Amino acid sequence: MKLPEEFTAKMQSLMTNEEYQQFIKELKRKVMIHSLRVNTHKITVAEFLRIFPYELTPVPWCPEGFYLPKGFKASKHPFYYAGLYYLQDPSAMLPAAVLAPAPGERVLDLCAAPGGKSTQIGAAMHDTGLLVMNDVNPKRTKALLKNVENFGLKNIVVTNNYPRELSAVFANYFDRVLVDAPCSGEGMFRREARLTIAWRREYHPSLCVPLQSELLAEAARMVAPGGRLVYSTCTFSPEENEMQVKDFLAKHPEFSLLAIDREGVSPGRGEWAGDQQLSKTGRIWPHLARGEGQFAAVLQKAKGGERLELPAWRVPEPEERQFQPFRDFCAEVGITPPLGRLVVQGNDLLLIPENLPGLSDLTLVRTGLLVGELHAGRFVPSHPFALALERQTARRQLELAPDSYEVLKYLRGDTLLADETSIEGNGWLLVTTSGFPLGWAKRVGNLIKNYYPPSWRMR
């Protein structure tokens with residue numbers, strides 16, 4: 001791999017010769033590090049390690065992160081489709097880990113797509129509080145929504161707005177805000193060689209710094225007094241990292257820097273910004289840890305002042321009869337539906353977060369969980385509804401072993417034969433593996449009709 005000469009010259013000028021040689025040697029080494037992060041919203045780490053078919057090595061800075069063995073196709077395993085884990089570079093697990101969201105809090109992921117960090121945040125919140133995820137690119141919000149739905153998250157709002165539009169609504173509102181900023185991507189050169197070609201034209205640090213500064217300024221407005229702001233990038237550039245944080249602190253004296261103390265994470269290079277307090281930031285270096293390049297800074301907002309309270313979302317309360325097809329469906333299949341407030345929008349049945357504020361000024365992609373659709377007295381369940389169900393034994397349940405041929409057929413969208421199952425009578429079925437929901441099917445005569453969505457299927 002040929003690295004941009006401007007990049008290598010800059011890094012050589014910043015490092016000692018010994019460190020630079022180690023750094024460049026590792027960056028040019030052809031290696032792909034694969035890892036997963038357990039969805040602790042659905043399963044404990046201990047149980048996951050017990051049922052997973054391979055021995056895993058922990059990622060030191062993320063308790064639910066693990067390195068994968070070579071050759072294991074984790075994206076083809078049924079547990080992936082059940083939302084039991086997310087495939088993510090180990091370094092990318094750091095920002096949400098140091099954000100340290102807690103149940104009941106209000107959290108914003110400002111640059112959320114494709115959703116890796118959002119799923120990590122949501123799992124830690126355990127469907128309490130409110131998680132708002134935003135991306136300015138409407139196409140990218142589709143991938144974001146799919147990933148959070150696969151994790152079974154319900155306390156969510158997905159928006160497609162510019163940061164200034166969000167800050168106009170959410171000033172002093174969030175307990176925690178993550179800004180995983182667009183950057184020059186130097187930390188991903190080894191993983192994505194194409195970035196080395198487009199680096200100067202599209203991702204040069206000089207192009208990224210102004211955008212990052214704007215994102216931080218808008219994010220700061222949305223942090224409630226006493227709240228936390230985490231800024232992160234996947235680049236080595238001091239201009240986008242320590243120097244960006246130094247500039248932010250100069251403009252926002254109400255924020256202070258908290259130290260990152262995690263195994264495997266190196267201190268920031270305060271000397272590169274002329275301020276040793278910047279050593280409280282954290283860096284992951286490919287020559288010092290098993291991961292790609294990553295930077296993170298934890299910024300604490302001073303207490304004082306009031307946290308914003310927004311009026312609740314006023315939705316006309318549906319008549320109880322509108323919910324009857326849904327309740328009949330749950331009784332037929334024998335499942336326990338998730339608790340929460342049900343509302344009807346058009347034909348959609350939604351389960352919305354408690355105390356959801358009115359957000360009419362924003363472009364909403366999804367509010368809460370899409371449970372299904374109501375049509376002329378019939379209820380058609382959504383795929384996200386299945387994935388949001390807790391592990392359970394339903395009355396009409398088709399359990400498929402994770403190592404079986406049948407589970408692969410189901411995930412590919414194929415029809416199954418009813419005589420191969422113990423399901424009696426026509427009607428809806430909850431399909432599971434090791435007890436964890438995968439999706440829906442329906443018995444029709446001698447066939448099990450597959451309702452696994454085409455866009456979600458295993459290829």
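Every read-out reported here was derived from the displayed coordinates using simple, explicitly stated rules and does not represent laboratory data. Quantities reported herein were computed from a predicted structural model and do not represent experimental measurements. Cβ sites come from the backbone with ideal geometry, for glycine too, and all protein chains shown count toward neighbours.
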In nm, to one decimal, how far is the modelled label at residue 44 from the one at residue 12, with both set 7 Å along Cα→Cβ? 5.4 nm
Global size of the range 391-459 as Cα Rg and Dmax, reported in angstrom: 10.9, 31
In whole percent, the Cα-Cα distances of the range 257-343 spread across 5 Å bins from 0 upward as 3, 10, 12, 11, 7, 5, 6, 8, 9, 12, 10, 5, 3, 0
Eigenvalues of the Cα gyration tensor times 5, then square-rooted: what semi-axes does that give for the range 170-320, in whole angstrom, largest first? 31, 20, 15
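Report the local net charge at residue 196: Lys and Arg +1, Asp and Glu -1, summed over other residues whose C-beta lies under 10 Å from its C-beta.
For residues surrounding residue 196, the net value is +2.
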For the range 304-459, the Kirkwood Rh over every pair of distinct alpha carbons, in Å, works out to 17.3 Å
What three numbers, in Å, describe the spread of the alpha carbons of the range 16-123 along their principal axes, ordered from the longest? 48, 35, 23
Would you mind checking the radius of gyration and Dmax of the chain based on alpha-carbon positions, in Å? 23.5, 74
Label-point gap, in nm, between residue 315 and residue 347 - each point 7 angstrom along Cα→Cβ: 1.8 nm
Helix 242-251: inclination vs the chain longest Cα principal axis, degrees, rounded to 10, gives 90 degrees
Rh_Kirkwood(the range 88-176) over Cα pairs, Å, one decimal, evaluates to 12.9 Å
DSSP beta bridges in the chain, what fraction antiparallel, as a percent rounded to 5? 75 percent
Just how far, in whole angstrom, is the range 74-94 from the range 142-185 if you go by their alpha carbon centroids? 20 Å
Between helix 116-125 and the chain: long-axis angle, C-alpha atoms, 0 to 90°, nearest 10: 70 degrees
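Would you please give the FRET efficiency between residue 412 and residue 306, computed as 1/(1 + (r/R0)^6) with r the Cβ-Cβ distance and R0 = 56 Å, to the nearest 0.05? Walk me through the intermediate numbers first.
Values: r = 54 Å, r/R0 = 0.96.
Calculated value: 0.55.
Could you size up the charge dipole of the chain around its Cα centre, putting +1 on the beta carbon of Lys and Arg and -1 on that of Asp and Glu, and report it in debye to the nearest 20?
On the way: 54 positive and 51 negative charges, 193 e Å.
Charge dipole of the chain: 920 debye, to the nearest 20.
About the Cα centre of the range 181-297, what is the dipole size in debye to 20, counting +1 per Lys and Arg Cβ and -1 per Asp and Glu Cβ, all else neutral? Don't jump to the answer; show the numbers that get you there.
Details: 14 positive and 15 negative charges, 56 e Å.
Charge dipole of the range 181-297: 280 debye, to the nearest 20.
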Using R₀ = 41 Å, calculate the FRET efficiency as 1/(1 + (r/R₀)^6) where r is the Cβ-Cβ separation of residue 254 and residue 194; round to 0.05. 0.55
